[in-house]
């Protein structure tokens, strides 16, 4: 076991759970986090983390199969600005989230902020998921596929209701096959996801990175476009190599938490 969690010093719970990649975790008054993943409810803190990671499910969820220390060092060596971004939050890891839940979460994320995304996801789970004892499972695609837009009224997701229902129908019919999306070339996987109504390149890349662990995916939202233009002029996502998605997370979090980097743009 010690061998399997030897990189625990390269992991920070708060940095990982509050960097914008997931929406089912809530910070408690004592600093711990309570969350739901694949119908499992857990409270995690710095104190019980080693015990939590004895469970293979949580080791995989927090991506302890990868040596983030080495990846971060390699990325930092390639670019001094990226080195600063990586140093700002060195404990971030890309979670192994359920691909269906991640797809829906980032459909909901469009033109939205994190507190409101979390609220919509919570209401969706409470309305259509299974009670796990005060927390709720994420509803299956088959559950949502038999609904229409109006059935999501209590969820208060607005125009996104149509997108969620279309995603559910295509997933339930097998048109969106997550196993296939893990295997095929990234551009093809992105194009498949973009057959869902309302899913553009950014949401598709978020689903690929955060739900399918396609670590070469590089979602580009407003923050990232500004960051790339200002901090990495002339570079493209492909410039960051096979772990571009990890680089993206460092850059995204660094940029979002340091808006002064862009105050000179006016």
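What follows is calculated from the coordinates using simple rules that are stated; it is not laboratory data. Predicted, not measured: the structure shown is a model, and the values here were computed from it. Counting neighbours? That spans all protein chains shown, and the Cβs are built from the backbone with ideal geometry, glycine included.
Before moving on, here are some points about what is shown:
- Largest GNM mean-square fluctuation among 167, 204, 187, using the chain with Cα springs under 10 Å: 187.
- The stretch 196-246 shape via C-alpha gyration tensor axes, a/c threshold 1.5: oblate
- D by Stokes-Einstein for the stretch 62-114, Kirkwood Rh over Cα pairs, 20 °C, 1.002 mPa s: 162 µm²/s.
- The chain - Rg and Dmax from Cα coordinates, angstrom: 18.3, 53
- For the stretch 206-266: relative contact order, % (alpha-carbon pairs under 8 angstrom, 6 or more apart): 36
- Ranked by how many other Cβ atoms sit within 10 Å of their own Cβ, fewest first, the residues 108, 8 fall in the order 8, 108.
- Cα gyration tensor, the stretch 89-180 - rounded (a/c under 1.5), prolate or oblate: rounded
- Global form of the stretch 143-266, assessed from the alpha-carbon gyration tensor, a/c cut-off 1.5: oblate
- Structure remark: mean-square fluctuation, Gaussian network model of the chain, C-alpha springs under 10 Å; the largest value among 235, 192, 126 belongs to 235.
- Spacing of the two label points (7 Å from each Cα toward its C-beta) at residue 230 and residue 38, in nm: 3.9
- Of all the options 188, 154, 29, the one that moves most in a Gaussian network model of the chain with Cα springs shorter than 10 angstrom is 29.
- Difference of contour (0.36 nm per residue) and Cα-Cα distance, residue 9 to residue 78: 22.6 nm
- Percent RCO, i.e. relative contact order, over the stretch 28-116, from Cα pairs under 8 Å lying at least 6 residues apart: 21
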